[in-house]
1. Could you count how many residues in segment 146-195 are among the hydrophobic types (A, V, I, L, M, F, W, C) and either assigned to a helix (DSSP H, G or I) or at positive phi (or both)?
2. Condition check: among the acidic types (Asp, Glu), without any contact (Cβ under 8 Å) to a residue 60 or more places away in the chain and surrounded by 18 or more Cβ atoms within 10 Å (Cβ to Cβ). Does Asp106 satisfy that?
3. Quick test for you: out of Val129, Val175, pick the one residue that is under 15 Å from Val87 (Cβ atoms), hydrophobic (A, V, I, L, M, F, W, C) and touching a residue at least 40 places away in the same chain (Cβ under 8 Å).
4. Being in contact with a strand residue (DSSP E or B) (Cβ under 8 Å, 6 or more places away or on another chain) and more than 17 Å from Pro137 (Cα to Cα) is the filter here, so list the residues in segment 75-111 that pass it.
5. So in segment 72-107, with the set limited to residues that are part of a loop (DSSP other than H, G, I, E, B) and more than 17 Å from Ser131 (Cβ to Cβ), which one is modelled with the lowest pLDDT?
6. Would you check which residues across segment 154-173 are farther than 16 Å from Ala57 by Cβ and surrounded by 21 or more Cβ atoms within 10 Å (Cβ to Cβ) and list them?
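The values are calculated or read from the model by the stated rules, or taken from the named source; none is laboratory data. Predicted model, so just to flag it, every value in this text is computed and none were measured. Positions of Cβ are backbone-derived with ideal geometry, glycine not excepted, and every protein chain shown enters the neighbour counts.
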Amino acid sequence: MTEPHSNLAQSPKLSELGGHSLNRRLLLSATAATAAAVGAGVALWRIQVPEGPAAMAPNEGFWSTQWDTPQGPRLAMESFRGRPLLVNFWATWCTPCVEELPLINDFYRQNMTNGWQVLGLAVDKLIPVQSFLEKMPLNFPIGMAGVTGAELARSLGNLAGGLPFSVVLNSDGMVVQRKLGRLIPADLAAWLRLK
């Protein structure tokens, strides 16, 4: 005859269940984090737009857009047509944005005589941008894009909405390159060939 509660002696203790449950949760969390990292990597890989026939035209109305500037006068996108253009979406509160601005400024100074243009679109508020530019003057024009800039960046392929985000348009006005994240010198060197 068996004891009525003998099964309880063979079943795991509550503390053991908690340990297994904790291990299972940690394993699931690690798996989810790995999947998210792989997904982010694929997304960043897919954000590249190849040169040539696969290049895309910016959305309708892109060239008719006008931006206020930190100095006041409006800046027309139409004035950038016909020459290669690097558009950089940035904000004063974005550390990688601030870190890459001197590199972009050097790129502009070194290549403006070769026809290259740079436009910084600040997805930010006027006062912080003005204060920032007093401390770190830039040679290329800045447009105050605000929320409209975030929408424009999405239309150009920045589906994640992250900053910094850079887009290269060739002299025909086609988007030939995009990058979400901080630029490095190798990016700019490669883009010089996309004229």
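1. As a first pass, look at segment 146-195 and keep what is among the hydrophobic types (A, V, I, L, M, F, W, C): 147, 150, 152-153, 156, 159-160, 163, 165, 167-169, 174-176, 180, 183-184, 186, 188-192, 194.
Restricting the remaining residues to those that are either assigned to a helix (DSSP H, G or I) or at positive phi (or both) gives 147, 150, 152-153, 186, 188-192, 194.
Matching residues across segment 146-195 total 11.
2. On the way: among the acidic types (Asp, Glu): yes; without any contact (Cβ under 8 Å) to a residue 60 or more places away in the chain: yes; surrounded by 18 or more Cβ atoms within 10 Å (Cβ to Cβ): no.
Taking the combined requirement at face value, the residue does not satisfy it.
3. Numbers: Val129 fails: under 15 Å from Val87 (Cβ atoms).
Being under 15 Å from Val87 (Cβ atoms), hydrophobic (A, V, I, L, M, F, W, C) and touching a residue at least 40 places away in the same chain (Cβ under 8 Å) holds for just one of Val129, Val175, which is Val175.
4. Leu75, Ala76, Met77, Phe80, Arg83, Pro84, Leu85, Leu86, Val87
5. Kept after step one, since they are part of a loop (DSSP other than H, G, I, E, B), are these residues of segment 72-107: 72-73, 81-84, 91-94.
From what is left, the residues that are more than 17 Å from Ser131 (Cβ to Cβ) are 73, 81-84.
On the way: Pro73: 93, Arg81: 96, Gly82: 96, Arg83: 97, Pro84: 97.
Here the answer is Pro73.
6. Asn158, Leu163, Pro164, Phe165, Ser166, listed by residue number.
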